[in-house]
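Since the structure comes first, as structure tokens, the remarks are kept for the end.
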Amino acid sequence: MTAATAVLADLETGLRAEAMPKEKGRSSMQLTPYLLFDGTCKKAMEFYHSVLGGNLAVTQVKNSPASEHMQAFQQEKVVNAHLESGVMQIPASDWLMLDKKPNPGNTVCLYLSGGTLEELTSLFEKLSAGADVTNPLQPTFFGTYGALNDRFGVRWMFVCKNAGN
């Protein structure tokens with residue numbers, strides 16, 4: 001497991017993949033926008049919380065299992081934040097990949113969570129056609145995680161809970 005994999009999606013507190021109840025034949029997957037900040041996640045999410053209300057959970061790198069994989073200067077950054085207000089959910093984190101830089105276009109992504117591993121794997125494989133797979137699907141301490149930039153440049157993150165998580 002790479003540090004970027006562990007960090008980008010340390011969703012131990014924010015993984016809100018307790019998906020919506022299934023309707024007949026419908027998956028329990030959810031598609032949510034996911035925000036990435038360059039060191040300002042905590043302040044931004046506190047601002048959104050002040051505007052939107054609801055419940056805000058913020059986990060810094062130093063307070064997560066990812067801390068042992070991250071450098072000292074990254075310990076204060078946010079590995080996961082989750083704001084839930086009514087039917088609105090906003091997951092977010094600070095940018096933690098050292099080998100890539102945030103820029104307009106890669107700081108908002110589509111976050112596909114919940115469902116079964118089979119559903120997630122199928123969608124990941126289909127969206128991988130012509131994509132830049134930055135994180136292949138693999139088990140992590142919080143579930144199965146993967147990420148890619150599709151052939152149109154849209155960033156996708158995929159998460160589902162593993163059996164026992």
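Extending 7 Å from the Cα toward the beta-carbon at both Arg151 and Ala72 defines two label points whose distance is 4.7 nm. Pairs of Lys residues in segment 28-165 that lie 8 or more places apart, or on two chains, and have C-alpha atoms under 29 angstrom apart add up to 22.
One decimal place: the segment Gln30-Thr116 gains 29.8 nm when fully extended, by the rule 0.36 nm per residue minus the C-alpha distance. Each residue of segment 70-77 was assigned a 3J(HN,Hα) from its phi angle through the Karplus curve 6.51 cos²θ - 1.76 cosθ + 1.60 (θ = phi - 60°); the sequence is 10, 6, 4, 5, 9, 4, 7, 5 Hz, with glycine and proline shown as x.
Every read-out reported here was derived from the displayed coordinates using simple, explicitly stated rules and does not represent laboratory data. Computed from a predicted model, the values in this text were never measured in an experiment. Here the Cβ is made from the backbone with ideal geometry for all residues, glycine too, and neighbour counts use every protein chain on show.
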